[in-house]
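The block underneath contains the structure these notes are about, expressed in structure tokens.
The values are calculated or read from the model by the stated rules, or taken from the named source; none is laboratory data. If you're wondering where the values come from, they're calculated on a predicted model, not measured in any experiment. Cβ coordinates were reconstructed from backbone atoms using ideal geometry, including for glycine residues, and neighbour counts include every protein chain displayed.
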Amino acid sequence: MTLALFAICFTILPSAHAVSATNFALDKSSYNPGDSGKAMISFTNDRGVLIQITSVTMTINYFYQDGRIYSQAFTTTGVNMNVSSGAISQPITVQFSLPSTIATGYVTPSITVFFNSLNGPSFQGPDHDNSDAPTPIFIASTSTQTTMYAFVATTVLFAALAFYFAMRYYSAKNTTSRPRTSP
């Protein structure tokens, strides 16, 4: 009986009072050093009240090719999007650009959402919540892509040469196997 009451109490109480990034989509599957991109981020409102999202900041902690660490923040302001309690917001776009000397690999941005909460007849705030992006950003190696392009070009060249020599062999074989006729 005590266990049942304990379970009922925890199902009635909200599990968290946060605004967290739940959907994180990128405009490309991978980025090269120096590329620009867009992240579309949706948030879940678990605060129990109506909120108004005012801005979103995406911070990326980079490792440069020489091993130094750098942090850069990209912000979208002037959002003014109302999100009901328990609802998911419309996607908010945050534009970003990567430095040309960024190391390759995966980076997981941290996301900060700034919002006002409706307490009584008016919005109170500003307030904010932080969360990590649900999926990382992949920074591809430009040298790997260059190697891949060189491999594809070499393969096509060898295929063309093989076809050329196979046709020469076939035409030479047909010419020598034909009976000669005298005029």
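Per-structure values
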{"read-out": "Residues of the stretch 85-126 satisfying the condition of being under 17 Å from S55 (Cα atoms), out of contact with any Asp or Glu (no Cβ under 8 Å at 6 or more places or on another chain) and modelled with pLDDT of 90 or more", "value": "I88, S89, Q90, P91, I92, T93, V94, Q95, F96"}
{"read-out": "Strands (runs of 3 or more DSSP E) wholly inside the stretch 38-137 that include at least 3 residues being closer than 18 Å to S20 by Cβ and of a type in the set (S, T, N, Q)", "value": "51-63, 110-119"}
{"read-out": "One residue from T181, T155 being part of a loop (DSSP other than H, G, I, E, B), outside the structural domain of R47 (by TED's automatic domain parsing), at pLDDT below 90 and of a type outside the set (D, E, K, R)", "value": "T181"}
{"read-out": "Scope the stretch 31-56; condition farther than 21 Å from I102 by Cβ, surrounded by fewer than 18 Cβ atoms within 10 Å (Cβ to Cβ) and either of a type in the set (V, I, T) or in contact with a helix residue (DSSP H, G or I) (Cβ under 9 Å, 6 or more places away or on another chain) (or both); matching residues", "value": "V49"}
{"read-out": "Flag if V79 is modelled with pLDDT under 95, touching a strand residue (DSSP E or B) at 6+ places or on another chain (Cβ under 9 Å), in the same structural domain as Y31 (by TED's automatic domain parsing) and surrounded by 12 or more Cβ atoms within 10 Å (Cβ to Cβ)", "value": "yes"}
